[in-house]
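*Asks:* Provided herewith is a single structure, encoded as structure tokens, for subsequent inquiry.
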Amino acid sequence: MRRLRLTTAGESHGPGLTATLLGLPAGLRVDLALLARELARRQHGFGRGRRMQIEADAAEIRGGVRGGVTLGSPVVLWIANRDYANWQKVMGPAAEDLDPRLAELRRLKAPRPGHADLAGGLKYLRRDLRDVLERASARETAARVAAGAFAKMLLAELAGIEVRSGVRALGAVGADAPPPTWDDLLRMDDGSPLRAVDPALEPEMLRLVERAQEEGDTLGGAVTVIAHGVPAGLGSHTHWDEKLDGRLAQAAMSVPAVKAVEIGAALAASRGFGSAAHDPIVPGGAGAEGAAGAGAGPGAGARRFARIGNRAGGLEGGITNGEDVVVTAYMKPIATLRRGLPSVDLDTLAAHTSQYERSDVTALPAAGVIAEAMVALVLADALLEKLGGDSMAELRAHLAATTALQQAWPGEAPPAAE
């Protein structure tokens, strides 16, 4: 059984970021253009801070790939931090690298409410909270997005699965909107300032960001990720930690500032009756009328079952059911406010305004891209877990066999009991 595992390392203003991805099969074609595009998408968005003007993220492959094809060994990626040139005397790894005067000037001693500063300081007993914030920074997610690009390559080449996202709500704007569909995301302008699912809402969203910017405040909202073409049977109902909706929720919750996750239309369903919460099962096949998932996934045209609607978000009992997987992540406003919030000075333990670190007004467009990467990594892991195999050739053969068995199931009716 192969399992995809990701480890990242590096600090926000350190030399750079490293991602090590274990478990990719041999023979996966590496799309360097996709890798570059994903990193650029993460840096996009109205309301981003000045850091995005400094960095021009590019991932250098330092292991696991030869001649544009994966080897089956760990894939190692390196992303340099351009801003390190301005921070080397504060963030250098060797004792002699540091300038004590500059390090003291950059010391964070008034923690930001809502950030990892104080909790991390208490956990690791660090008086300089920079030792916490540098790793807690969302800068780390550049490494995740780079690794997620490889997961997207695997999903697309092996099973034709695509992953997209969009900003469903910003602040209160769009907060009552239903989860988007795959067609909604296909129509969306991925290059718009906020990557809003509903373009009619984007002007109001932009005005809200401008207002927050003027007032030294920040904004959160909701981003929805949809994976299209996911086959049935990924995940399991048999153990709590194998339920795929739980694994997806944990991955989405790991995106900085995300505090809640919704699968499908769970919020709306929780407010009504069961009769209106579930997706009716209808006969499938190529001509199933009104079936939300007809035509999705390998061999879906010959499926014997289809659904009317997709309130479940493609998951039932912790297992994919062949419909689009729909995950919405709810992001709180960023904890770094230019005007500050009530806090405490660690040196004096007296009341103090929280310190300001260069930050964004909102990072929702980027959060969607990061959440895409996390969803892709979880789905790629589940696909490898289901199929098994060390090479793309083995995986294709196993997928074809699994698809054929699912299409034939449940077979002929058993003979009637005498």
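The values are calculated or read from the model by the stated rules, or taken from the named source; none is laboratory data. The model shown is predicted, which means the values in this text are computed figures rather than measured ones. With ideal geometry, Cβ positions are generated from the backbone for all residues, glycine too; neighbour counts draw on all protein chains shown. Just the protein is used for accessible areas: all its heavy atoms, side chains included, with ligands, DNA and RNA removed. Shrake-Rupley method; radii C 1.70, N 1.55, O 1.52, S 1.80 Å.
*Asks:* Of all residues in segment 203-257, which are among the charged types (D, E, K, R) and in contact (Cβ under 8 Å) with a residue 40 or more places away in the chain? Can you show your working first?
*Replies:* Of all residues in segment 203-257, those among the charged types (D, E, K, R) come to 204, 207, 210-211, 214-215, 217, 241-243, 245, 247.
Glu215, Asp217, Glu242, Lys243, Asp245, Arg247, listed by residue number.
*Asks:* Which ones in segment 74-91 are over 12 Å from Arg62 (Cβ atoms) and either touching a helix residue (DSSP H, G or I) at 6+ places or on another chain (Cβ under 8 Å) or not in a helix (DSSP H, G or I) (or both)?
*Replies:* Initial filter on segment 74-91 (over 12 Å from Arg62 (Cβ atoms)): 81-91.
Asn81, Arg82, Asp83, Tyr84, Gln88, Lys89, Val90, Met91 - these are the residues of segment 74-91 that are over 12 Å from Arg62 (Cβ atoms) and either touching a helix residue (DSSP H, G or I) at 6+ places or on another chain (Cβ under 8 Å) or not in a helix (DSSP H, G or I) (or both).
*Asks:* Follow-up. Filter segment 321-347 down to the residues that are out of contact with any helix residue (DSSP H, G or I) (no Cβ under 6 Å at 6 or more places or on another chain), assigned to a loop (DSSP other than H, G, I, E, B) and over 22 Å from Gly171 (Cβ atoms) and list them by number. Give the steps one after another, and end with the answer.
*Replies:* The initial filter retains those residues of segment 321-347 that are out of contact with any helix residue (DSSP H, G or I) (no Cβ under 6 Å at 6 or more places or on another chain), namely 321-323, 325-326, 328, 330, 332-347.
Those still in the list that are assigned to a loop (DSSP other than H, G, I, E, B) too: 321-323, 332-341, 345-347.
Asn321, Gly322, Glu323, Asp345, Leu346, Asp347 - these are the residues of segment 321-347 that are out of contact with any helix residue (DSSP H, G or I) (no Cβ under 6 Å at 6 or more places or on another chain), assigned to a loop (DSSP other than H, G, I, E, B) and over 22 Å from Gly171 (Cβ atoms).
*Asks:* Let me ask you something else. Among the residues of segment 254-273, are any more than 30 Å from Leu395 (Cβ to Cβ), touching an Asp or Glu at 6+ places or on another chain (Cβ under 9 Å), open to solvent by 30 Å² or more (accessible area, probe 1.4 Å) and in a helix (DSSP H, G or I)?
*Replies:* Residues of segment 254-273 that are more than 30 Å from Leu395 (Cβ to Cβ), as a first pass: 256-260, 262, 265-273.
This time we only want the ones that are touching an Asp or Glu at 6+ places or on another chain (Cβ under 9 Å), so: 256.
Adding the requirement that they be open to solvent by 30 Å² or more (accessible area, probe 1.4 Å) leaves 256.
If we keep only those that are in a helix (DSSP H, G or I) as well, we get none.
So far as segment 254-273 goes, no, none of its residues is more than 30 Å from Leu395 (Cβ to Cβ), touching an Asp or Glu at 6+ places or on another chain (Cβ under 9 Å), open to solvent by 30 Å² or more (accessible area, probe 1.4 Å) and in a helix (DSSP H, G or I).
*Asks:* Quickly run through segment 348-362 and pick out the residues that are modelled with pLDDT of 90 or more, assigned to a loop (DSSP other than H, G, I, E, B) and of a type in the set (S, T, N, Q).
*Replies:* To start, the set of residues in segment 348-362 that are modelled with pLDDT of 90 or more comprises 348-354, 361-362.
Pick out the ones that are also assigned to a loop (DSSP other than H, G, I, E, B) and you get 348-350, 354, 361-362.
Of everything in segment 348-362, those that are modelled with pLDDT of 90 or more, assigned to a loop (DSSP other than H, G, I, E, B) and of a type in the set (S, T, N, Q) turn out to be Thr348, Ser354, Thr362.
*Asks:* Return the residues of segment 99-130 that are charged (D, E, K, R) and in a loop (DSSP other than H, G, I, E, B); say none if nothing qualifies.
*Replies:* Within segment 99-130, Asp99, Arg106, Arg107, Lys109, Arg112, Arg126, Arg127, Asp128 qualify.
*Asks:* Right, another one. Restrict the check to segment 219-232 and report whether at least one residue is surrounded by fewer than 19 Cβ atoms within 10 Å (Cβ to Cβ) and of a type outside the set (Val, Ile, Thr). Reasoning before the result, please.
*Replies:* Kept after step one, since they are surrounded by fewer than 19 Cβ atoms within 10 Å (Cβ to Cβ), are these residues of segment 219-232: none.
Among the residues of segment 219-232, not one is surrounded by fewer than 19 Cβ atoms within 10 Å (Cβ to Cβ) and of a type outside the set (Val, Ile, Thr), which makes the answer no.
*Asks:* Sticking with this structure for a sec: Yes or no: segment 400-417 includes at least one residue that is under 26 Å from the mean Cα position of the chain (by Cα) and touching a residue at least 24 places away in the same chain (Cβ under 8 Å).
*Replies:* Step one: list which residues in segment 400-417 are under 26 Å from the mean Cα position of the chain (by Cα), which gives none.
Checked segment 400-417: no residue is under 26 Å from the mean Cα position of the chain (by Cα) and touching a residue at least 24 places away in the same chain (Cβ under 8 Å).
*Asks:* Related question: Filter segment 2-40 down to the residues that are open to solvent by less than 30 Å² (accessible area, probe 1.4 Å) and out of contact with any strand residue (DSSP E or B) (no Cβ under 8 Å at 6 or more places or on another chain), then identify the one that is nearest to Gly389 (Cα to Cα).
*Replies:* Restricting to residues being open to solvent by less than 30 Å² (accessible area, probe 1.4 Å) and out of contact with any strand residue (DSSP E or B) (no Cβ under 8 Å at 6 or more places or on another chain), the top hit is Leu34.
*Asks:* Okay, moving on. Kindly establish whether Arg187 is among the charged types (D, E, K, R) and under 30 Å from Gly322 (Cα atoms).
*Replies:* Considered against the rule, which asks whether it is among the charged types (D, E, K, R) and under 30 Å from Gly322 (Cα atoms), Arg187 comes out as yes.
*Asks:* Still on this structure, I have one more. Looking at segment 365-396 only, could you name the residues that are open to solvent by 10 Å² or more (accessible area, probe 1.4 Å) and among the small types (Gly, Ala, Ser)?
*Replies:* Passing the criteria: Gly388, Gly389, Ser391, Ala393.
*Asks:* For segment 59-77, indicate whether the set of residues that are without any contact (Cβ under 8 Å) to a residue 24 or more places away in the chain, under 23 Å from the mean Cα position of the chain (by Cα), surrounded by fewer than 17 Cβ atoms within 10 Å (Cβ to Cβ) and within 29 Å of Asp189 (Cα to Cα) is non-empty.
*Replies:* yes
*Asks:* Output the number of residues of segment 283-320 satisfying the condition of being open to solvent by 20 Å² or more (accessible area, probe 1.4 Å), modelled with pLDDT of 95 or more and part of a loop (DSSP other than H, G, I, E, B).
*Replies:* Result for segment 283-320: 4.
*Asks:* Just to be sure I understand, how many residues within segment 344-354 are open to solvent by 20 Å² or more (accessible area, probe 1.4 Å) and in contact (Cβ under 8 Å) with a residue 60 or more places away in the chain?
*Replies:* Going residue by residue through segment 344-354, those that are open to solvent by 20 Å² or more (accessible area, probe 1.4 Å) are 344, 346-353.
Right, trim to in contact (Cβ under 8 Å) with a residue 60 or more places away in the chain and you get 344, 346-347, 352-353.
Within segment 344-354, residues that are open to solvent by 20 Å² or more (accessible area, probe 1.4 Å) and in contact (Cβ under 8 Å) with a residue 60 or more places away in the chain number 5.
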